[in-house]
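Only one structure is covered here, and it is reproduced in the block below.
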Amino acid sequence: MNVCITRVVIHLIKIIVNDQFMNNSSINKIPLIFFLMLLFTWTASSQNISGNVFEKSGSGKQGALTGVNVYWAGTTTGTVTDENGKFRLARVQGGNSKLVVSLLGYRRDTIQVLKDKSKLNIEMFPGDRQLSEVEIKARQDNSFVSKMKTQATTVINIGELQRAACCNLAESFETNASVDVSYSDAVSGARQIQLLGLSGIYSQIMAENVPLIRGLATPYGLNYVPGPWMESIQVAKGTSSVVQGYESITGQINVEYKKPENAEKLYLNVYGNSNLRFEANASSAIKITDKLSTSLLVHADDFRYKFDRNGDGFMDLPKLTNINLFNRWDFINPGKWVSRLGVKYLYEDRNGGQMDFDKSSWNTDTTGITNDTKKYGIGIRTNRFEAFWKNGVFFKGSAQSSLGLILSFINHQQDAFYGINLYHGHEQNFNANLIYTAQFDGEKHKISAGASGFTDNYSENYVQTRLAYRYQYLPDTVTPTYADKFTLVNDSVYTYVMDRREWAAGGFFEYTFNLKDKFTLIAGARGDYNNRWGFLFTPRLHLRVTLAKGLALRGSVGKGYRSPNLLAENSPMLISQRVLNFAPGLTNEEAWNFGLSLTWDFNLFSRKAEFTVDGYRTSFVKQTVVDQDSLPTAVFFYNLNGQSYANVVQAQFSFQPLKQFTVLAAFRYNDVKVTEGNRLVQKALVNQYKALLTLSYATRFDKWKFDLTGQLNGPSRIPDTRKMPAVLQLPEKSPVWFNLLAQITKKFRNFEIYVGGENLLNVRQDNPIVEYFKPYHTHFDASMAWGPVVGITGYAGIRLTIK
Amino acid sequence: MKTKNVILGSMVLFALMLVSAAAFSQDKKEATIKIKTSAVCDMCKDRIEQGMAYEKGVKNIVLDVDTKIVTITYNPSKTTPDELRKAISKLGYDADNVLADKAAYNKLPACCKKDAAPKKK
């Protein structure tokens, strides 16, 4: 009946509008409009539902819940309960009858509202919001582009993480179009990521909003987070929020660990692959009281098998022993106080190099170099301790305000040798962040304000023995003999001391304006004082506009700063005989990031489909240029003098032709250039384009899952080797190569087994190491890796869960 | 080119995997039964469906939370309606005239218990 009345009113309005307005008559239009609006509101009001949301205490007493989000499922139409727990909400045309109630600290619930119902009494039960999200949704997408977040964010869920071997964070991006993963060199097995055409050092990698991979952890840090510890990964491209500091330039990657309050009682995972690498993960969660829970996560990785399939005399992968422990305590008092405390310990020992390198007889002597009896090896031993304590206090009232305090501490010790060169690094980092958030007028206005600071103490040094051969002392007119070339005549030891102490403290303010989720604006700024670089001002702006149903446009612009850690970030250069040359007066790095993205959700053949296109430009104001091109026997580090930018355009299409079958196709084009010396050149080892296609099929109840991923990697520029002897020179560009991965998972009631393969096309980079036959000679260099060193690998594993 | 052949081959392999999985799940006999449960909220839908999915002989299971009736498609040579009711009871829910197993019922989350606030209609 209400629908009839509305139709009549609309018809009436049309007649009146056509009559009066179109004829431009002088009848006073205002009272007429007012009357029509009244009429309309009257008819609309009987299309409202109202009610109250409450909770029952232990004694059965009813208490009103304020600030509860009440909205129609799958829409952005909603409201918030007032101080008495009451709400009023208009029905949405189209018959949507599922109402969702959500409040932090309570279980989200979905209520079926019948057509003639206009008043509801809703009871909510305590529990973590994340818990109900996992339990209630029947089938959640493995990886989805967040619709509501203002910053372009992709969330990788546990389902997506389990589609591939995903032994650790480095390997979790194989099915993601935005993040590239590659080996940074051909010897150490270290992985690096690239986001928006720039190295992972320019993104802020955090775990539960606590800084994770930065400083000395940069080269191998991605290996420090085991796959089974993660619940989800959020990848946000472009400039991020000022709340987390000024360090993000290209984006933010935030890892959420499994929380003890909703983790399995016992989880076991055993993995093995055809290279004879074995991994074991075990985690156990205990609920001590209904508010306090704890969990212990353990990871062990053992790889002792040496192999050399490309015949260059070097181990294709280093031997690795890794033990990782994580203990956390979580206290949740729903709606009042959440406290999370965690401690982590990691020990890792990597040993690589030539097949016949014997670590027990290693020394920094130069005897044996000339007659080839001295073998080349690398060894990296890491001891890392982390602790974090996060507290959030929630205040009652319509402002839904909260105060959070995040404290973290990292102690990282790394001792390594690369050939006869020695590296020592010790970092102590302490980070504190105090954040106050509040919202007004429903969710229309939100503010975030606070202060944060950190101290970073580094004790770092590198002792390099520079080797000189007889041919280097001969005049150019003389042609050197074999003996001239390879006889060692001199060596000199250089010690690079990079001790430094850095601290910064600052305040930030961020304002969010949300107009019924049709338009969202986030404007933030922070000011920090840094003891090394002075005052740093960081403005950041995000916009999100809903252009039409399912069509969202996002834009962002912001600044970021970072302090370079030249030895840790360029550790591949240490696996060479290149002389390190640091220009004096190196500054910090500063860049602007601009981004624009369009997301379109539509129905294709009445199935869900989504198309996203985005473009980002990162432009450096200050940068430390790492120049490998000027001389193949040196690396020059100097301040940028000229342009340095990264332009990236990406298009992504995902489609579900069947409920259980998902297809994702993406293409990305990179244009990354940097000014070296006085020439603007393409940045080395960044591929020009990349295409990705993933197919994922699951049978009913996910009993069988089939996953197939194909990556096409475009050519990238290889560092300049034209000044090397002709026989050692590498081509200018790397070839186009395909990476194919597949996995089959079979799920049983309490466990699941998975079998898969990586690099199924057995693509390998020919000669990834320059001058591999003489690793102590002038041109030895393992840092120019553009593709896999290891060919096809098969793996299998089992995951056991006891809830 | 060799690469193209391998890609084609893996596509065919993948298609084969899909077909065999589909064939695998096909079976000759099929019967359907409707059982009334004591399911209360949306969370129970997942618990019952996921819990019954691995019971021997169960092909498909759908719970309608409003009517509390679960519709199970099963292979009559592998299981019987009585065994299905027993399995639901072991998950902590009533099944027609079979009462929920006490131990399993106690493990249910608050909103799923029979005397919890009923779903508002």
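Coordinate-derived values only; no laboratory data. Nothing here was measured: the structure is a model prediction, and the numbers come from that model. FYI the Cβ positions are ideal-geometry reconstructions off the backbone, even for glycines, and counts take in every protein chain you see.
Here is how the numbers come out for the structure above:
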quantity: Estimated FRET transfer efficiency (A:Tyr529, A:Asn391; beta-carbon r; R0 25 Å; 0.05); calculated: 0.50
quantity: Chain A, helix-only ellipticity at 222 nm - DSSP H runs n ≥ 4, -39,500 (n - 2.57), divided by all residues, nearest 500; calculated: -2000 deg cm²/dmol
quantity: Which of A:Pro539, A:Thr382, A:Phe655, positive extreme of dipole for chain A (C-beta unit charges); calculated: A:Phe655
quantity: Largest-first principal axis extents, alpha carbons of the range B:31-112, Å; calculated: 36, 24, 22
quantity: Karplus-derived HN-Hα couplings along the range A:351-358 (A = 6.51, B = -1.76, C = 1.60, θ = phi - 60°), whole Hz, x at Gly and Pro; calculated: 9, x, x, 6, 4, 9, 7, 10
quantity: Between helix A:2-16 and chain A: long-axis angle, C-alpha atoms, 0 to 90°, nearest 10; calculated: 90
quantity: Listed residue (A:Ala523, A:Ala300, A:Phe430) projecting farthest to the positive dipole end of the protein assembly as shown, Cβ model; calculated: A:Ala523
quantity: Shielding by partners - mean other protein chain Cβ count within 10 Å, residues of A:704-710; calculated: 3
quantity: Test item: B:35-43 mean partner chain Cβ contacts at 10 Å; calculated: 3
quantity: Magnitude of the charge dipole, the range A:458-610, Cβ model with Lys/Arg +1 and Asp/Glu -1, debye to 20; calculated: 700
quantity: Cα pair count fraction exceeding 18 Å, expressed as % - the range A:247-401; calculated: 72
quantity: Average Cα contact separation per residue, chain A, under 8 Å, 6 or more apart, as relative contact order %; calculated: 10
quantity: Residue list for the range A:232-264, given a label point 7 angstrom along the Cα-to-Cβ vector of A:Ile288 and an amide N cut-off under 16 Å; calculated: A:260-262
quantity: Dipole moment magnitude, nearest 20 debye, the range A:344-413 about Cα centre, only Lys, Arg, Asp, Glu C-beta charged; calculated: 480
quantity: In Hz, Karplus ³J(HN,Hα) per residue of the range A:768-780 (6.51, -1.76, 1.60; θ = phi - 60°; x = Gly, Pro); calculated: x, 10, 7, 6, 5, 7, 9, x, 9, 8, 3, 9, 4
quantity: Rounded to whole Hz, the Karplus (6.51, -1.76, 1.60) HN-Hα couplings of the range A:231-243, x for glycine and proline; calculated: 9, 6, 10, 9, 10, 10, 8, x, 4, 10, 7, 6, 4
quantity: For the range A:648-709 and the range B:58-102, distance of Cα centres in Å; calculated: 43
quantity: Ranking of A:Val674, A:Val497 by count of other Cβ atoms within 10 Å, fewest first; calculated: A:Val497, A:Val674
quantity: Antiparallel bridges, percent of DSSP beta bridges restricted to chain A (to nearest 5); calculated: 95
quantity: Debye intensity ratio I(q)/I(0), log10, the range A:479-573, q values 0.12, 0.14, 0.16, 0.18 Å⁻¹ (C-alpha model); calculated: -0.68, -0.79, -0.89, -0.97
quantity: Enclosed volume per residue, in Å³, of the convex hull spanned by Cα atoms of the range A:242-337; calculated: 162
quantity: Semi-axis lengths (Å, descending) of the ellipsoid that matches the C-alpha gyration tensor of the protein assembly as shown; calculated: 54, 34, 27
quantity: Net charge dipole size for the protein assembly as shown [Lys, Arg +1 and Asp, Glu -1 on Cβ; Debye, nearest 20]; calculated: 3460
quantity: Gain in span if fully extended, A:Asn750 to A:Gln682, counting 0.36 nm per residue against the direct Cα distance; calculated: 19.3 nm
quantity: Span from the the range A:498-517 Cα centroid across to the the range A:317-341 one, whole angstrom; calculated: 25
quantity: Cleavage-rule hits, trypsin sites (Lys or Arg not before Pro), the range A:617-725, DSSP coil, Cβ neighbours within 10 Å at most 14; calculated: A:Lys659, A:Arg722, A:Lys723
quantity: The range A:307-399: mean projected area of Cα convex hull, nm²; calculated: 10.8
quantity: A:Met124, B:Met11 arranged by Cβ crowding within 10 Å, fewest neighbours leading; calculated: B:Met11, A:Met124
quantity: Euclidean distance between Cα centres, the range A:201-220 to the range A:390-455, Å; calculated: 12
quantity: Exposure proxy order (Cβ contacts within 10 Å, fewest to most) of B:Ser10, A:Ser716, A:Ser571, A:Ser50; calculated: A:Ser50, B:Ser10, A:Ser716, A:Ser571
quantity: Those trypsin sites (Lys or Arg not before Pro) in the range A:491-581 that DSSP places in a loop and that have at most 11 other beta carbons within 10 Å; calculated: A:Lys549
quantity: Too-long pairs where the Cα-Cα distance tops 26 Å, listed order kept, from A:Lys703/B:Lys113; A:Lys396/A:Lys444; A:Lys359/A:Lys723; calculated: A:Lys703/B:Lys113; A:Lys359/A:Lys723
